[in-house]
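S.K.: Below: one structure in structure tokens.
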Amino acid sequence: MRLALFLFAAPLFAKVNFVRDVKPILETYCVRCHGDERAMKHFRVDRKEWAMRRITPGNPDDSTLYLSAKTGFMPPGPEKIPPERLETLRRWIAEGARWPKNLQLRPAPR
Ligand code: HEC
């Protein structure tokens, strides 16, 4: 019982982890159009130095990358980022948008 409570509560205070939580979101919803093969609007999400041009660490509401998804502008088409994953993205930016050095993202296979 105690263990069950702990498992249930853990996600509430666990910090967002880029590789585990955020990378799959960006790779699923963004990188196929904003990566090294296609860079729509000359914007890339697959590398830190590019992505950070549209991110203000600590301030999701000043981060075009987050706002474009929150408003439903991105990705184009009917399939949007589900609310709980959008919240993960928001928290990651609020917690400082840490991105391990030299980690490049790849489009998720569809
Ligand atoms: C199907 C291809 C596609 C996908 C997937 C996609 N985008 Fe885009 N993105 C575009 C296109 C096309 C534009 C230019 C749209 C326009 O100007 O009307 C754009 C523009 C943008 C811009 C504005 C660039 C600027 O000038 O600041 C941002 C930010 C952006 N996308 C972020 C994202 C994010 C974040 C994701 C994932 C959640 C994503 N996009 C997924 C095609 C895509």
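FYI, it's all coordinate maths here, none of it is from the lab. All of these numbers come straight from a predicted model, not from anything done at the bench. We place every Cβ from the backbone using ideal geometry, glycine too, and count neighbours over all the protein chains shown.
S.K.: Above 20 angstrom, tally the Cα pairs of segment 54-110 and express them as a % of all pairs, no decimals.
M.R.: 29
S.K.: Oh, and also: What size of dipole, in debye to the nearest 20, comes out for segment 17-94 about its Cα centre when the only charges are +1 on Lys and Arg C-beta atoms and -1 on Asp and Glu C-beta atoms?
M.R.: The dipole of segment 17-94 has a size of about 100 debye.
S.K.: Sort 68, 63 so the one with the fewest other Cβ atoms within 10 Å of its own Cβ comes first.
M.R.: Result, fewest neighbours first: 68, 63.
S.K.: To test your reading of the geometry: what angle, between 0 and 90 degrees and rounded to tens, separates the Cα axis of helix 2-13 from the longest principal axis of the chain?
M.R.: 30
S.K.: Where Rh is the Kirkwood radius over the Cα pairs of segment 22-74, the temperature 20 °C and the viscosity 1.002 mPa s, what D in µm²/s does Stokes-Einstein return?
M.R.: This corresponds to a translational diffusion coefficient of 192 µm²/s.
S.K.: Could you sort 83-89, 37-43 so that the peptide with the highest average Cβ count within 10 Å comes first and the rest follow in order? Walk me through the numbers before you get to the answer.
M.R.: On the way: 83-89: 15.6, 37-43: 11.3.
Going from most to least packed, we get 83-89, 37-43.
S.K.: While we're on this one: Binned at 5 Å from 0, what are the whole-percent values of the Cα-Cα distance distribution for the chain, short to long?
M.R.: In order of increasing distance, the bins hold 2, 12, 22, 26, 18, 9, 5, 4, 2, 1, 0 percent.
S.K.: Would you list 74, 52 from fewest to most Cβ contacts within 10 Å?
M.R.: 52, 74
S.K.: Only residues of segment 47-86 count here: report those whose backbone N is under 17 Å from the spot 7 Å along Cα→Cβ of residue 104, or say none.
M.R.: So the set is 47-52.
S.K.: While we're on this one: Taking neighbour counts of Cβ atoms within 10 Å as a proxy for exposure, in what order, fewest first, do 16, 45 appear?
M.R.: Least to most surrounded, the residues fall as 16, 45.
S.K.: Can you tell me, using C-alpha contacts under 8 Å and at least 6 residues apart, the relative contact order of segment 17-94 as a whole percent?
M.R.: 28
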